[in-house]
Amino acid sequence: MNLMQKPELLAPAGSLEKLKIGLQYGADAFYLGASPFSMRSRTNEFTVNDLLEGMSLIRKAGKKAYVTMNINPRAVKIEAFKKHIQFLKKEIKPDAAIVADAGVFDMIREYYPTLPIHMSVQANILNYRAVEFWQRNGASRIILPRELSLLEIKAIHEKVPKME
């Protein structure tokens, strides 16, 4: 990220109501996802139809949408993820996906190779070598965990300056 670039105000959208509030208050981008694929499934009220409606609202407002697929799925969920990725490609067309699992990352690369991928805080990326790894594999943004100090974040940025 260019340090002169305006920061992006990214807001959670756990429901259509919360998304509408975020739009009213000027968020630049939203993260949202269908509950079977998102970490906050207990508090996430988005259905597939809500995703479609939410995307319509976000696009009309000229904002960005990042779809969360940030759980680490067991093998029995792989087919569902594959279908969901194909649905995202055909119907949702998000600006990026937020993922935590290497297998989900790999499936996105296979079934929706043009979709930018942001690594979730759930990926627990704590050092510059991990950032370099995900950068080499095509991640476009890393969401670092809050456990890192500003000095640690600065040190990572100095080692990998082209990674958001």
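Structure notes:
- Only one of Glu8, Glu53 that is out of contact with any His (no Cβ under 9 Å at 6 or more places or on another chain), farther than 20 Å from Ala123 by Cα and open to solvent by 70 Å² or more (accessible area, probe 1.4 Å): Glu53
- The test for being within 21 Å of Phe30 (Cα to Cα), surrounded by fewer than 14 Cβ atoms within 10 Å (Cβ to Cβ) and not aromatic (Phe, Trp, Tyr) holds for Arg146.
- Check on Phe133, without any contact (Cβ under 8 Å) to a residue 24 or more places away in the chain and aromatic (Phe, Trp, Tyr): yes
- If the condition is being surrounded by fewer than 19 Cβ atoms within 10 Å (Cβ to Cβ), over 14 Å from the mean Cα position of the chain (by Cα) and within 19 Å of Thr47 (Cα to Cα), then region 79-112 contributes Glu79, Ala80, Lys82, Lys83, Gln86, Phe87, Lys89, Lys90, Glu91.
- Close contacts from region 14-35, counting a first residue that is on the phi > 0 side of the Ramachandran plot and a second that is surrounded by fewer than 18 Cβ atoms within 10 Å (Cβ to Cβ), with Cβ to Cβ under 8 Å and a gap of 6+ residues or different chains, come to Gly26/Leu9.
- Leu16 falls short on exactly one of the conditions (1) modelled with pLDDT of 95 or more; (2) more than 17 Å from the chain's Cα centre (by Cα), and that condition is (1).
- Of all residues making up region 20-44, the number that are hydrophobic (A, V, I, L, M, F, W, C) and at pLDDT 95 or above: 5
The values are calculated or read from the model by the stated rules, or taken from the named source; none is laboratory data. Computed from a prediction, not measured in an experiment: that's the story for all the values here. So basically every Cβ, Gly included, is an ideal-geometry build from the backbone, and we count neighbours across all protein chains shown. For the accessible areas, the whole protein counts, side chains as well, though only heavy atoms, and no ligand, DNA or RNA atoms are used. Shrake-Rupley method; radii C 1.70, N 1.55, O 1.52, S 1.80 Å.
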